[in-house]
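The values are calculated or read from the model by the stated rules, or taken from the named source; none is laboratory data. Every value quoted in this text rests on a predicted model; they were computed, and no experiment measured them. Don't worry about glycine lacking a Cβ; one is built from the backbone with ideal geometry, like all the others, and counts go over all protein chains shown. SASA here: full protein model, heavy atoms, side chains in, ligands and nucleic acids out. Shrake-Rupley method; radii C 1.70, N 1.55, O 1.52, S 1.80 Å.
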Amino acid sequence: MFGLSKLFSSKSVQKQPIITALAAYRSAAFAVGIDESFIDSISQNDDKSILIKLTLPFAAQSEIPHVQQHVSESLSVPVVIESVVNIKEPAKFKAIKHIVLIASGKGGVGKSTTAVNLAGALKNEGAKVGILDADIYGPSIPMLLGLVGAEPQTKDNKLLQPFDANGIKAQSIGFLVPSDDATVWRGPMASGALNQLLNETDWGELDYLIVDMPPGTGDIQLTMSQKVPASGTVIVTTPQDLALADAQKGIAMFNKVNVPVLGLIENMSHYICTHCGEANHVFGKDGAEKLAHKHGVTVLSHIPLAIDIREYSEQGKLIASDNSAAISKTYSAAARLMASTLYYQQHHNAIEIVITED
């Protein structure tokens, strides 16, 4: 334990104990601690507390209070941490730093709902986020974001303006083509439409562009995966054996096109009984863990079967953006771990990410 007298001299702050305390912090997203390169400055406030300024290289703002508590308890001194998210990666496409594909081996697993709430959670974690709805079979993003009937706009007759959905830039094939027509599209038409939406939307500067992919692992999905310059993909599944079998095909498809699988999200993982509070695994248990272990990937989250998610979605709201909703913490933890996994895959590929429960 350190005290104020040991941390501060009349001239300067003893930084090494603080650096050591930050490095010792552990969580699912910070599996290897807070790197010294994240530290901008360490100083003393007028009230004798320590002021630490951090720049996070991935979206994880909501974890800072836990970091602050850890450092304060480790050093036995009051600590204030100020942080910003600044993803210093070069843009992968236009001014977009990372494109993440949200995919599923089959339909009906809640992929689109998961995609929009991941986008909302990433924004809450301090990132600049967009979402592209590429699900030609049934574009859901307009409904999930409360934008049904919205018509695309352009300022220069060249680039489409994305819609703003609570700070998330959104574009969907559903804004351009009636959904009953979109289902008859095949091969070149579908991939061409995705390419047009991606290239001809004025996305501006984004840290993460979430792409809601069509379900399945056929030729259309394969072609789209090859056309989008993706940093990684997240596979959404449910615990049933059938869904897991299809999720495995999705992993195999992305391996073939060299798109890293950032992890699995097990949606409808369990149901919390409203009477006794116990978790009921109505669709099976531990399926995602077994599949993740087999392929050496991470389970980003177990999202429960919750009526609140349905109610928010039907109202065109993101439950992930409502900090008062308990489920928002689940989406936030998934977003932090996804962003962290992407960062460490690119910068510390040899590090094994250790998963802990949030």
To the nearest 20 debye, the stretch 51-178 has a Cα-centred charge dipole, built from +1 on Lys and Arg Cβ and -1 on Asp and Glu Cβ, of 380
Antiparallel DSSP bridges in the chain: what percent, to the nearest 5? 30
Of Phe283, Phe30, Phe163, ordered by accessible area with the largest first and a 1.4 Å probe, the sequence is Phe283, Phe163, Phe30
Can you match semi-axes √(5λ) of the Cα gyration tensor in Å to one of these, [x] 32, 26, 21; [y] 37, 23, 19; [z] 49, 23, 16, based on a calculation from the structure here? [y]
Treating only the Cβ atoms of Lys and Arg (+1) and Asp and Glu (-1) as charged, compute the dipole magnitude of the chain about its Cα centre; round to the nearest 20 debye. 760
Taking 0.36 nm per residue of separation and subtracting the Cα-Cα distance, what length does fully extending Lys227 through Ile19 add? 70.6 nm
Restricting to Cα pairs under 8 Å and 6 or more apart, the percent relative contact order of the stretch 111-176 works out to 37
Farthest toward positive dipole pole in the stretch 206-358 [+1 Lys/Arg, -1 Asp/Glu at C-beta], among Thr223, Ser321, Thr274: Thr223
Computed, not fitted: 222 nm per-residue ellipticity of the chain from DSSP H runs ≥ 4 (each -39500 (n - 2.57)), nearest 500, equal to -10500 deg cm²/dmol
Nonlocal amide H pairs with Thr201, under 5 Å, H built at 1.01 Å: Leu160
Karplus-derived HN-Hα couplings along the stretch 29-40 (A = 6.51, B = -1.76, C = 1.60, θ = phi - 60°), whole Hz, x at Gly and Pro: 6, 10, 5, 10, x, 8, 5, 4, 5, 7, 7, 8
Mind listing which GluC sites (Glu not before Pro) in the stretch 189-286 are in a DSSP loop and have 14 or fewer other Cβ atoms within 10 Å? Glu200, Glu205, Glu278
Between their Cα atoms, which of Lys106/Lys290; Lys106/Lys158; Lys256/Lys290; Lys169/Lys285; Lys128/Lys317 are more than 26 Å away from each other? Lys106/Lys158; Lys169/Lys285
